[in-house]
Structures are given as structure tokens and as C-alpha cells.
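First the structure, in the form of C-alpha cells, and then the observations on it.
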Amino acid sequence: MLKTIKKRKIFQQIYKHGRKCFTKDLLAIYIDSKNQNYDALQKGVSQGEYAIIVSKKISNKAVSRNKIKRKTKEAIRINSGKFPEKSYILFFPKKSIEVLDFAELENQILYIYKTINKKMLNNQTAPN
């Protein structure tokens, strides 16, 4: 089961050293804990951790921000088997996600997973 990121140091490491992946309605910043030796990252993470950050720029109402978080969290949970192993991902929904249907949100999250897995695989096979 996926866990959410709670520690401030992990957020800072991801912001500082993370790589970005974009879709039309989502931005994801990720970091691979397998290949990186950052002090804040936990070595015993089996599957991965994530966080969903919804800014007040998206909506001033907490009700709609929480709705976006719930919808995104459910799409992540349903596709948790495809979550990149031992990685940390921050999801930043854009304003257009409010009117996005759930199936399209799932497709965008799967696209992000696939892109991250491909980039992580390329990093492992690249010569040092």
C-alpha cells in the first residue's frame, strides 16, 4: 500500500533534486530513492510515497481543493500496482483538473507512471 509523504526534509529533497514530468492537467516532481543517496530519503521504502499539493491558486475554497485531492488520491490508489518502485512523487494539479472527468485523470496518472518508470530504467542502464 502506498504511503503519503509527511516529512519536511523529504519535500525539500524532492524540490531540490527532483525531476519534472508534465501532462495537460498535472505536474509531477519525482525522485528515485534507489539510485540517489539523499540523506532525508528513507532506505526501507518498499513501493513508494507520494503527496498531492493543491494550491489556493486553483481554488480559494477548501471544499473544492479537498475534492481535487480526493479524486487524485483515488486515481493513484486504483493504479497503485503501476506506481514506480522506491520513488517519491509530488503531484501538483492545475486549475483545469476541476472539470476533468475521472477516466482522463487516470490516463494522465498512468502516463506519468509510465514516463517515470522509463526515465528510471534509462538512468539504471546508462553508463557512469
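Odds and ends about this structure:
- When residues of the range 69-80 are limited to those that are within 13 Å of Leu2 (Cα to Cα) and touching a strand residue (DSSP E or B) at 6+ places or on another chain (Cβ under 8 Å), the one surrounded by the most Cβ atoms within 10 Å (Cβ to Cβ): Ile76
- For the range 73-109, the set of residues classified as among the hydrophobic types (A, V, I, L, M, F, W, C) and assigned to a loop (DSSP other than H, G, I, E, B) consists of Phe83, Leu100, listed by residue number.
- Any hit, the range 81-103, residues being under 15 Å from Lys3 (Cα atoms) and of a type in the set (Lys, Arg): yes
- The condition of being touching a Cys at 6+ places or on another chain (Cβ under 9 Å), of a type outside the set (Gly, Ala, Ser) and at pLDDT below 90 holds for Lys119.
- Condition check for Asn66 on (1) surrounded by fewer than 16 Cβ atoms within 10 Å (Cβ to Cβ); (2) closer than 18 Å to Thr23 by Cα: one failure, at (2).
- On inspection, Asn37 qualifies as modelled with pLDDT under 90 and in a loop (DSSP other than H, G, I, E, B).
The values are calculated or read from the model by the stated rules, or taken from the named source; none is laboratory data. Please read all numbers here as calculations on a predicted model, not as lab measurements. Virtual Cβ from ideal backbone geometry, glycine too; neighbours counted across all protein chains shown.
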